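Encoded as C-alpha cells, the structure appears first; notes follow it.
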Amino acid sequence: MKILHINGTSEGGTFNVIYDLHKALLKKKIKSNIYLPEKMNIKNSYYPKSFFFSKIINLLKKIIRKILLRTNSSITLSFFKSFEIKKIIKKIKPDIIHLHWIGNEFISLDEIVNMKLPLVWTMHDLWLVHSYFHYEEKAKKNFFSKIMINHLSKKKNFLIKKKITIIPTSTWSYKKLDKKFQSIDNKYKKIPCGIDFTKWFPMNKQIAKKTLGLKNKPIVLFIAYGVNNSRKGFDYLNKSLKFIKHDYELLIVGDQKPLHINDKKYKFIFAPKNIKIRRLIYNSADLLVAPSIQEAFGLVCLEAAACNTPSVIFNDNGLEDIIKHKINGYVAKKKNVKDLGRGINWILSSMKMKPKRFNVCRSKVVKKYNIKNLANDYILVYKKLLNKNINYQKK
C-alpha cells in the first residue's frame, strides 16, 4: 500500500504531526511519501521545482485578499493550479492521496476534485467548512467574494461525493463538519493529532528554568504562531493577568511580540524549531494558558501535557478533547476573562498545596494520542477505502 501525503507547509505544528505520522507509517512497512513546498531532508519526500510560480501565485493571492476580498485574515482560495502534482502522482503511483493542510495556494481544489484516486483529508482547521477562511469569520460582502464563496462551496460539495474519508481531529471539528455536510454516507472518521512521546517527556523544572534564564518562580506560558492573531486569544490572557493572586513570571513564545500587554516584565522567546528547546520551554512552565476561541485540535496542550504541564483553556473548541476540567487543567467559560484568571489561580494554588498534583497529565494522554497507535487507525481507514486486507506491523 502506497500513500502520498500532501501538505502546504514545511514547518509548524501541522507539519510536525504529518512528519511523525509519515515516520510511523514507514516503520509499519507502509510505503509513505510526502509532498511539501520546500526541499526537506526526509525519506520519500518531494517538493515542487517551480519556486518562481509559487512566488507569483502568492503575490496574486495577496492582491486578491487585500483589494478584492478586503480582509487581513489568513485565507486559501485554492484556485491556482500547482502545475507539478500530476507529475508527482505519476512518478510515485500512490494507492491513496492523503491531504492535510493545503493553504498557501499549494494545490487547487479543481486538481483535488479531478483526482481519480481515493482520498483521505485530515482537517487541521475548518477550511472545508468555511469558504476561503480557515476558521469561522464574516466575509466582506461584494461581487467578488460572492463569486469565490459560490465557487468554493460547489467544489467542496462535489468533493464530498467522491471516494473520500474526511478526518476531523476533535469532537468540536467533527460537529462543525457534520453540521455542514450532514454525515453523507458515513464519510467521517475522527482521528486526533498525535505526537511521538519519546520526544516529549517531563524534566526537572528548576533545571529547565535555569537553562532558559527564567526566574525561580511560577511560570505562566503562552505559546503560539500568530501571537497577535485574535483567534489565539492573547488579549483574554492579557486582561486576566490582573486577577492572578500569585507571584509569577509570564513567558511568551511565538513568532512576534504582543502588540499590547499589561505585564511589562514578561520574557519573550522567538518560537524555536529545535525540539529540545521547545521541550525545555514546556518543562520550565508551571502551566500553559491556551485561550484560543477557535481551535481544531490544540497541539500545544498535548505537548505540554506530555511534559506533565497542565493547561488553562476556553471551552467550545478542540482543546476540550485533551484538557479535562480540574484533572489535567482548567476549562474556563469561553471569552470569560475572570474565569480564565480563576483557572490560573486554581492551578497555581493546587501546585502550591500539592506539588505533584499534575504529574498525571502525561498518563492521561499518552495512550490516546500516541502517533504509533494513531498510525494504526489511519491504516484501517486506508484499507477500508481500498477494500484490501493488508498486513502491517502493529509495533
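Read the figures in this text as sums done on the coordinates, not as results from a lab. Note that this is a predicted model, so its numbers are computed, not measured. Methodologically, a virtual Cβ is constructed for each residue, glycine included, from the backbone with ideal geometry; neighbour enumeration extends over all protein chains shown.
What does the charge count around PHE80 come to, taking other residues whose C-beta lies under 15 Å from its C-beta (Lys +1, Arg +1, Asp -1, Glu -1)?
Local net charge: +3.
With no solvent and one point per C-alpha, what does the Debye sum give as log10 I(q)/I(0) for segment 205-365 at q = 0.09, 0.16, 0.17 Å⁻¹?
One equal scatterer on each Cα of segment 205-365 leads to -0.24, -0.82, -0.95.
What is the sum of charges, Lys and Arg at +1 and Asp and Glu at -1, for the other residues whose Cβ falls under 15 Å from the Cβ of LYS217?
+4
What Kirkwood radius, in Å to one decimal, follows from the Cα pairs of the chain? Each step should come with its number before you reach the end.
Numbers: mean 1/r = 0.0453 Å⁻¹.
That comes to 22.1 Å for the chain.
Where does each of TRP346, TRP121 land when they are ranked from fewest to most other beta-carbon atoms within 10 angstrom? Mind showing how you got there, number by number?
On the way: TRP346 17, TRP121 21.
Going from least to most buried by this count: TRP346, TRP121.
Mind checking which of ALA306, GLY8, ASN387 is farthest towards the positive end of the chain's charge dipole, using Cβ charges of +1 (Lys, Arg) and -1 (Asp, Glu) about the Cα centre?
Toward the positive end, the furthest listed residue is ASN387.
Measure nothing but the geometry: give the 0 to 90° angle between the long axis through the Cα atoms of 371-386 and the longest principal axis through the Cα atoms of the chain, rounded to 10°.
Taking the Cα atoms of the chain, the angle to 371-386 is about 20 degrees.
Specify the angular offset, from 0 to 90 degrees and rounded to the nearest 10, of the alpha carbon long axis of helix 275-284 from the longest principal axis of the alpha carbons in the chain.
So the helix axis and the longest Cα principal axis differ by about 30 degrees.
Can you give me the long-range amide H partners of TYR46? Hydrogens built in the peptide plane at 1.01 Å from N, cutoff under 5 Å, separation of 5 or more residues or another chain.
ILE34, TYR35, LEU36
Using the alpha-carbon atoms, what tilt in degrees (0 to 90, nearest 10) does helix 143-159 show relative to the longest principal axis of the chain?
Here the helix axis deviates by roughly 80 degrees.
Sort the following peptides by mean Cβ neighbour count (other Cβ atoms within 10 Å, averaged over residues), highest first: 80-93, 135-148.
Numbers: 80-93: 15.6, 135-148: 13.3.
Taking the mean over residues of other Cβ atoms within 10 Å, the ranking is 80-93, 135-148.
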